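Worksheet for the structure shown next.
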Amino acid sequence: MSFQTRQPGLPPLWNARRGVVCSALVLIGIAQTLGTIALSTSSAALLTGEGDVYGIPVLPALGAAALLALGALVIQNRTAERFALSYVHDVRMAYARHALLLPFDGKSPPIGLSLTRLVNDLGAIKLWLSKGLLAFVTLAATLATLTVWIAILEIGFLMPLLVCVCVWILGLAIAIRPLRKSIRQSRQRRGGIAILLGKALPDRLPLLMHGKLAPLLTRLGKKSVEVCRLLVTRATWSGVIRAVSRATFPCAVLNYAIAGSADAASIALFLLIFAFLSAQLEAGASGLEYYEANRVAREKLRKVFEIKPMSPVVSAAGQTPDWKRTVTIEALELPSGQLFSARIEPGNCNRLHLAGFEDRRHLALSLCGLTQERSQKQIRVDGLTFAEIGRKALWRRVALVSPVNGIPAYQAKRPAAYLGARVSPPDPETDFGTLDNILNFDVNRVPAEAQKLPEIEQFKIRVARALLRNPSILVLQDDDIHTEKALLAGLETYLRNRHVTIVVITGASAD
């Protein structure tokens, strides 16, 4: 499915397929509990010297019960892992699609866009689905099956069962609030470390040159110590809920002992059943911890999905402008806060001068439909705003040549100028022959060669790649292009003959 047809936002967890899988997990949990009951009954009969269980010899019954219980456990874990990974895959692809379509706008908040944060958040979601949700499903199936079995065959176990559940719920009620707080704070602090390090890495050279590295490391050290403290607190409360879960077993034993004496077979069966129940309650407590971490991870991912992406919508019927008309920019807000206005005359070379690099980049990206919608509403051509035209039409009619546009390394055997073309490469003799003479350069270099060339030579290849799209407007955002007067003059003549409008955006003032 292409990205245009997918629903925006964090993908929903439940669909028909995952609902069926979850139902299967419940059934497998019931089968596992029944197998454990049969295994416990057979083991108790074997320990007390009984020859059969419900008319079945002890050893065959024990083997069949062990096969059922252990086989159900393996199948359950495999099914839960597939269930979790199917959703993690959907979230990963939706996140990548959304991040790739975020506006190229300096004002867009960089929330959660680091790879480390994405990996951590997806890891927390996967642990909840494969371990936590599985534990809850298994615990629910276990309690339901045990309650029915006890009510029918072992009514004496009913009160210890209620004691176990009550003690477990009471312990969770006491520990859940501080556990939730420690999980949230520790994940937030770890996210702060990732953001601080991510912002510092691109600027590490001036930090080293000006002796600012030590303060940065000091801040990182303090944050790391705080994270460690919070993780220790989280581990403490996690240990508390696990200890409470294990404490249900001695509580059940005490209640059963107070209730009265029983034969050896009943005692052995009681110990095996409630040891299994205690283990399931401990797994359920762990699942609660995974659930809290999952909640924090989903909140962080949701902040990224709340940023409105660039929807590659097609322009509405009748909204196709005449690109040979004047393009007007009216009060376009730049990252510096400046309001910029200009007129771009068709078929000519238009030079726009802005001092700040971010302002120049924002203007170039806005002309190409790569910024937020409010910027697109400030640019008009033929009576239509760029927002009304639609981004897909803009991407086809406006080409950008910028230093940030690298030369892709894929398709190594194809000429670098042809990379990204959806059609077969044009005939160099007819299409690029004249351009080769203007650029004074062979644009048919392969990417491996092109990436090793000086910047001005790479610029020529980027120009060739842009012209391959046959645009109506060519935007040149390069601070060095104004120094290449002969190149720009030849390119201007070449494009004017093809009725292509040129917009040169530099930080240099006009001569």
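Could you check the simple spin-label distance between ARG78 and ARG97, using points 7 Å along Cα→Cβ, in nm with one decimal?
3.0 nm
Probe 1.4 Å, all protein chains in place: accessible area of TRP149 in Å², nearest 10?
Accessible area of TRP149: about 30 Å².
Roughly speaking, what is the stretch gain from LEU339 to ALA243, that is 0.36 nm per residue apart minus the C-alpha to C-alpha distance, in nm to one decimal? Could you put the intermediate results ahead of the total?
On the way: separation 96, 0.36 × 96 = 34.56 nm, distance 6.29 nm.
Extra length from LEU339 to ALA243 when fully extended: 28.3 nm.
Given the pairs LYS131/LYS300; LYS377/LYS452; LYS223/LYS300; LYS222/LYS300, which span a C-alpha to C-alpha distance of over 29 angstrom in this model?
Details: LYS131/LYS300 21 Å; LYS377/LYS452 40 Å; LYS223/LYS300 19 Å; LYS222/LYS300 23 Å.
As for pairs spanning more than 29 Å Cα to Cα, those are LYS377/LYS452.
Please compute the modelled spin-label separation between LEU27 and LEU70, points set 7 Å along Cα→Cβ, answer in nm with one decimal.
Rounded to a tenth, the inter-label distance reads 2.5 nm.
Sort TYR54, TYR256 by accessible area with a 1.4 Å probe, largest first. Before the final figure, lay out each step's value.
Values: TYR54 160, TYR256 35 Å².
So, going from the largest accessible area down, we get TYR54, TYR256.
The values are calculated or read from the model by the stated rules, or taken from the named source; none is laboratory data. These numbers come from a predicted model, not from an experiment. Quick reminder, even Gly has a Cβ in these numbers, built from the backbone with ideal geometry, and neighbours come from all protein chains shown. The protein model used for the area step is the full one, side chains on, heavy atoms only, and it has no ligands, DNA or RNA in it. Shrake-Rupley method; radii C 1.70, N 1.55, O 1.52, S 1.80 Å.
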